[in-house]
Amino acid sequence: LTERLQKAMEKLRRKPKVTEADLRETMREIRLALLEADVNFKVVKDFVKKVREEAAGAEVLKGLNPAQQIVKIVNDQLTELMGEEAVPLNRAAHIPTVIMMVGLQGAGKTTTAGKLALRLKNEDHARPMFIAADVYRPAAITQLQQVADQIDVPVFEKGTDVDPVEIVREGMEVAKQNHNDYVIIDTAGRLQIDEQLMDELVNIKQLVNPDEILLVIDAMTGQNAVNTAQGFDDKLDITGVVLTKLDGDTRGGAAMSIRAVTGKPIKFVGEGEKMEDLDVFHPDRMASRILGMGDMMTLIEKAQKNFDEEQAQETMDKMRENTFDYNDFLAQMDQVTKMGPLENIIKMMPGMANNPALKNINLDPKQFAHIRAIVLSMTPEERENPDLMNPSRRRRLAAGSGRPIVEVNRMIKQFNQMRKMMKQVTNGNMSGMQNLFGG
Ligand code: GDP
Ligand code: MG
């Protein structure tokens, strides 16, 4: 989570019930977080409204605290807003499938044309051909040619003195003769949308009736991306979007806005300059990226599946009162084991991967069985009174469990550290840990 959001969640976390005022404040933080991620303000407004409605009507989910529930609602709504599922490329009933790349200068049209062609070659054994329809910069044709050479795809070009519409007309003839199954048209861009460019693109569109008009947008342009998308879509009725340069330190807010404003699916994302750096767009991953949540959602979902809320609450109370004993320890171990490897769970928590408090605690899941054996060798009295563990009792445990005495000592030491840590957690010193041990 962003720091801002994390703080808001931290506050909510300690409340058993979320009031209207709490919700309002949280919504304010979410709104700011989205704006920071470069999401368009109108989109944010609608979105927050929707989340608030959803949150107000939400049933209390078992195993999730109010803060987690809100994160989940936000994440689900974000994912839904961005289209839920990846949308595949349109294909023509009869070859060739015609793909027209459009977008502002420098957005990544030529690069993406190459990436897409490589993908089609690799996945469909396709035989694509490029048409060089950017005639305004001599370097544009050379660049396309260089891209094409890298991936071994032919380019149809007529230099810079011919009308682009005419180039496309001739190029289509050549592609048909050669039975190319895909034609990818690399068009010109401008620094801004202008009439002349749009007219030219409309003319090319009318001539070839493309199966796919892919608008290429630089994710780093943030707010401007929305206006660009709107402008191109109004004139050309685009079929999809490719969001490039997501390898930069962008939060991906543009993705959310573009989808919301145009209603057109984002089909691919560019994540580097190399020809291999093109990925299918996954709305759920983008949602996490926008919220800066890492794998938080996976964790929440796991917790939701496996935690028994009542038991978790009981544990929390015990931790707070410092009456957490070996019986609770056993029960918690069982719950945690159900969630999968402990290390993975810890790593998924924001800020937990390198938390010094965890350094001395052995998280090797293989040792769980041994620890269990030792705890099971305790008398009921010992399990309820962790402070009884004197040297002679420890020796007895070692004999009873068949584990070396050093291991028994280590386990007890770890248990005591854990107790201490839990007390800190319940006093609010460490966010995240609560998830692990219940709550
Ligand atoms: P065009 O003017 O729309 O054809 O844009 P280009 O394809 O020429 O790309 C402009 C610049 O952006 C080039 O230097 C590309 O290498 C770079 N570029 C394109 N896509 C990406 C991407 O996904 N990530 C990064 N880091 N750079 C990209
Ligand atoms: Mg270009």
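Each value in this text was obtained by applying a stated rule to the coordinates, not by laboratory testing. What you see is a predicted model, and the numbers here were worked out from it, not measured in a lab. We place every Cβ from the backbone using ideal geometry, glycine too, and count neighbours over all the protein chains shown.
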Given points 7 Å out from each Cα along the Cα-Cβ axis, report the E173 to D149 separation in nanometres with one decimal.
2.8 nm
Within segment 374-404, the residues whose backbone N lies under 15 Å from a label point placed 7 Å from the Cα of N416 along the Cα-to-Cβ direction are 385-395
At what distance in nm do the modelled label points of E273 and D161 sit from each other, each positioned 7 Å from its Cα along Cα→Cβ?
3.3 nm
For segment 92-104, Karplus-derived ³J(HN,Hα) couplings (6.51, -1.76, 1.60; θ = phi - 60°; whole Hz; x for glycine and proline) come out as 6, 5, 10, 5, x, 6, 9, 10, 10, 8, 10, x, 5
Quote the FRET efficiency, to the nearest 0.05, computed for A93 versus H125 with a Förster distance R0 of 30 Å and r equal to the Cβ-Cβ distance.
0.95
Under 17 Å by backbone N from the virtual spin label 7 Å along Cα-to-Cβ at K42, the residues of segment 257-271 are 257-264
Would you mind computing, in nm to one decimal, how far apart the modelled labels at D317 and E80 are, each placed 7 Å from Cα along Cα→Cβ?
3.5 nm
Starting from the amide H of M100, placed 1.01 Å from N in the peptide plane, find each other amide H under 5 Å away whose residue is 5 or more places distant or on another chain.
I185, E212, I213, L214
Non-local residues with an amide H under 5 Å from the amide H of V241, with H modelled 1.01 Å from N and Pro and chain starts lacking one, are L215, I266, K267, F268
Contour minus Cα-Cα distance for A56 and E381 (0.36 nm per residue):
112.4 nm
Once the other residues with Cβ under 13 Å from the Cβ of G272 are scored (Lys, Arg +1; Asp, Glu -1), what is the net sum?
-3
Sequence ranges 235-242, 183-190, ranked by mean other-Cβ count within 10 angstrom, highest first:
183-190, 235-242
Amide H contacts under 5 Å for D218, placed H, 5+ residues apart
T244
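Hey, which of these cross-link pairs are over 23 Å Cα-Cα: K45/K109; K109/K264; K50/K72? List each step's numbers first, then the result.
Details: K45/K109 31 Å; K109/K264 18 Å; K50/K72 13 Å.
In this structure, K45/K109 exceed 23 Å between Cα atoms.
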With E80 itself left out, Lys, Arg at +1 and Asp, Glu at -1 over residues whose Cβ is under 11 Å from its Cβ give -3
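List the GluC sites (Glu not before Pro) within segment 216-284 that DSSP assigns to loop and that have no more than 16 neighbouring Cβ atoms inside 10 Å.
Values: sites: E271, E273, E276; in loops: E271, E273, E276.
Loop-located and lightly packed - E273, E276.
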